[in-house]
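Asks: Input: one structure, supplied below.
The values are calculated or read from the model by the stated rules, or taken from the named source; none is laboratory data. Remember, it's a predicted structure, so these values are computed and weren't measured experimentally. Glycine gets a Cβ as well: all are built from the backbone with ideal geometry, and neighbour counts include every protein chain shown. Areas reflect the complete protein model, heavy atoms only, side chains present, ligands, DNA and RNA absent. Shrake-Rupley method; radii C 1.70, N 1.55, O 1.52, S 1.80 Å.
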Amino acid sequence: MENTFEIKSIESEVEIEKCFNVALVLRPHLKKEVWVSTIREMVANEKYTLRGIYDKGNIISFVGYRIMTTLHSGHIIYIDDLCTLDSYRGKGLGSKLLSYVRTIAASKKMDAVVLDTGFNNHTAQKLYFKNGFELSAVHLHAYLK
């Protein structure tokens, strides 16, 4: 029987904990001891939402996003995180999660789905272009640490 990789809400502390190793693929600087509290803070204060794909009880891919309004893009969904375990890449999970978010945005008659990606993250860029995203800005940081 083929796995359909259903997308599910991630809300409980246990579910959030299961995302940590997946998040490390994209963000290796993260610290496990503050992972759950950071996600909880983002959910409470920034309307951060997590949706994940499971296989055999483990989260193998997830998307984290926020619904927001900006002057430059209007009413949008901003994707903060799109992560998939290396062993599950190439199975269409990223595209499935992007399609899921785009469907939410379309159903709410939003203006866009927006995300940032690293300049050297060519694999992710190919995925985004394949899924209808286009370059429209350069994201800059002035780090304070």
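Asks: Taking the condition of being open to solvent by less than 40 Å² (accessible area, probe 1.4 Å) and either of a type in the set (Phe, Trp, Tyr) or under 14 Å from Ser73 (Cα atoms) (or both), how many residues in region 112-145 meet it?
Replies: Summing the residues that are open to solvent by less than 40 Å² (accessible area, probe 1.4 Å) and either of a type in the set (Phe, Trp, Tyr) or under 14 Å from Ser73 (Cα atoms) (or both) in region 112-145 gives 6.
Asks: Going through region 100-111 one residue at a time, which ones are surrounded by 14 or more Cβ atoms within 10 Å (Cβ to Cβ) and out of contact with any His (no Cβ under 8 Å at 6 or more places or on another chain)?
Replies: Tyr100, Val101, Arg102, Ile104, Ala105
Asks: Among the residues of region 83-99, write down those that are at positive phi and open to solvent by less than 60 Å² (accessible area, probe 1.4 Å).
Replies: Filtering region 83-99 down to residues at positive phi leaves 90, 92.
Across region 83-99, the qualifying residue is only Gly92.
Asks: A further question follows. Among what's in region 10-56 and is in contact with an Asp or Glu (Cβ under 8 Å, 6 or more places away or on another chain) and hydroxyl-bearing (Ser, Thr, Tyr), pick the residue that is least open to solvent (accessible area, probe 1.4 Å).
Replies: The qualifying residue least open to solvent (accessible area, probe 1.4 Å) is Tyr48.
Asks: Identify the single condition in (1) among the charged types (D, E, K, R); (2) over 23 Å from Thr4 (Cβ atoms); (3) part of a helix (DSSP H, G or I); (4) touching a residue at least 24 places away in the same chain (Cβ under 8 Å) that Glu17 does not satisfy, given that it satisfies every other one.
Replies: Tallying (1) among the charged types (D, E, K, R); (2) over 23 Å from Thr4 (Cβ atoms); (3) part of a helix (DSSP H, G or I); (4) touching a residue at least 24 places away in the same chain (Cβ under 8 Å), Glu17 fails exactly one: (4).
Asks: Can you tell me which residue within region 56-70, out of those that are of a type outside the set (A, V, I, L, M, F, W, C) and under 11 Å from Lys18 (Cβ atoms), is modelled with the highest pLDDT? Walk me through how you get there before you give the answer.
Replies: Just the residues of region 56-70 that are of a type outside the set (A, V, I, L, M, F, W, C), to begin with: 56-58, 61, 64-66, 69-70.
Those still in the list that are under 11 Å from Lys18 (Cβ atoms) too: 57-58.
Values: Gly57: 90, Asn58: 94.
Per the stated criteria, the residue is Asn58.
Asks: Residue under question is Ala137, and the condition is that it be within 21 Å of Glu46 (Cβ to Cβ), of a type in the set (A, V, I, L, M) and more than 17 Å from the chain's Cα centre (by Cα); does it hold? Let's see the steps before the verdict.
Replies: Values: within 21 Å of Glu46 (Cβ to Cβ): yes; of a type in the set (A, V, I, L, M): yes; more than 17 Å from the chain's Cα centre (by Cα): yes.
Criteria met by Ala137.
Asks: Being more than 13 Å from the chain's Cα centre (by Cα) and of a type outside the set (Val, Ile, Thr) is the filter; apply it to region 57-82 and report the residue that is least open to solvent (accessible area, probe 1.4 Å).
Replies: By that ranking, first place goes to Gly74.
Asks: Could you please let me know if Leu93 is more than 17 Å from Pro28 (Cβ to Cβ), in contact (Cβ under 8 Å) with a residue 60 or more places away in the chain and within 9 Å of the chain's Cα centre (by Cα)?
Replies: Considered against the rule, which asks whether it is more than 17 Å from Pro28 (Cβ to Cβ), in contact (Cβ under 8 Å) with a residue 60 or more places away in the chain and within 9 Å of the chain's Cα centre (by Cα), Leu93 comes out as no.
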